[in-house]
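The values are calculated or read from the model by the stated rules, or taken from the named source; none is laboratory data. Just so you know, these numbers come straight off a predicted model, no measurement behind them. As a convention, Cβ positions derive from the backbone with ideal geometry for all residues, glycine included, and neighbour counts pool all protein chains shown.
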Amino acid sequence: MDLKGLAVDIGLDEEEVLELVELFFETSMSELEKLKKAMNQNDTETVAETAHSIKGAAGNMRFEEIYELASQIEKNANEKILDGLMANVVSIDQELQKISTFIARITR
């Protein structure tokens, strides 16, 4: 993750961006749990809404991989198709773990 580049892109200093990344991580982990629960309950409306939320936050933070994964989940959920989407959820979780590792490394 390029903290300096992200800071320049969104017009903040690195410390402010780090705070946003931490907030994004915490919020996204919470949203991910909500997404998993909704998927297990076949609640396509909540899946679509939660994926949309994750997608928007990821887009704002320039986390393209998470953005694309959440976008696909949202699209399919809007079409009432949840089959095969758990792989995307797992991939989002893996991407969030990479962000967590980055945060831990930079805040030591």
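Condition check: of a type outside the set (S, T, N, Q), crowded, with 20+ Cβ neighbours inside 10 Å and part of a helix (DSSP H, G or I). Does Ile92 satisfy that?
Criteria met by Ile92.
In segment 69-86, is there at least one residue being surrounded by fewer than 17 Cβ atoms within 10 Å (Cβ to Cβ), among the hydrophobic types (A, V, I, L, M, F, W, C), part of a helix (DSSP H, G or I) and free of Cβ contacts under 8 Å to residues at least 24 places away in the same chain?
no
Looking at the structure I just gave you, is Ala87 touching an Asp or Glu at 6+ places or on another chain (Cβ under 8 Å) and either at pLDDT 95 or above or not basic (Lys, Arg) (or both)?
Against the criterion (touching an Asp or Glu at 6+ places or on another chain (Cβ under 8 Å) and either at pLDDT 95 or above or not basic (Lys, Arg) (or both)), Ala87 does not qualify.
Restricting the search to segment 23-59, which residues are touching a Phe, Trp or Tyr at 6+ places or on another chain (Cβ under 8 Å) and either surrounded by fewer than 16 Cβ atoms within 10 Å (Cβ to Cβ) or not in a helix (DSSP H, G or I) (or both)? It would help to see each step written out before you state the result.
So in segment 23-59, the residues touching a Phe, Trp or Tyr at 6+ places or on another chain (Cβ under 8 Å) come out as 24, 55, 57-59.
Correct list: Gly59 only.
Need pairs with beta-carbon distance below 6 Å; first residue part of a helix (DSSP H, G or I) and within segment 1-21, second of a type in the set (Gly, Ala, Ser); sequence gap 6+ or separate chains.
From residues that are part of a helix (DSSP H, G or I), the pairs are Glu14/Ala7; Val17/Ala7.
Out of segment 95-108, which residues are in a helix (DSSP H, G or I) and either touching a residue at least 40 places away in the same chain (Cβ under 8 Å) or surrounded by 12 or more Cβ atoms within 10 Å (Cβ to Cβ) (or both)?
First pass over segment 95-108, keeping only residues in a helix (DSSP H, G or I): 95-106.
Within segment 95-108, Glu95, Leu96, Gln97, Lys98, Ile99, Ser100, Phe102, Ile103, Ile106 meet the criteria.
Taking only segment 4-22 into account, find how many residues are surrounded by 14 or more Cβ atoms within 10 Å (Cβ to Cβ) and either aromatic (Phe, Trp, Tyr) or under 19 Å from Glu95 (Cβ atoms) (or both).
6
Give just the number: which of (1) touching a residue at least 24 places away in the same chain (Cβ under 8 Å); (2) out of contact with any Ser or Thr (no Cβ under 9 Å at 6 or more places or on another chain); (3) on the phi > 0 side of the Ramachandran plot does Ser91 not satisfy?
Ser91 satisfies all of (1) touching a residue at least 24 places away in the same chain (Cβ under 8 Å); (2) out of contact with any Ser or Thr (no Cβ under 9 Å at 6 or more places or on another chain); (3) on the phi > 0 side of the Ramachandran plot except (3).
Could you list, in sequence order, the residues of segment 19-76 that are of a type in the set (Asp, Glu) and either within 20 Å of Thr101 (Cβ to Cβ) or within 9 Å of the chain's Cα centre (by Cα) (or both)?
Initial filter on segment 19-76 (of a type in the set (Asp, Glu)): 19, 22, 26, 31, 33, 43, 45, 49, 64-65, 68, 74.
Across segment 19-76, the qualifying residues are Glu19, Glu22, Glu26, Glu31, Glu33, Glu64, Glu65.
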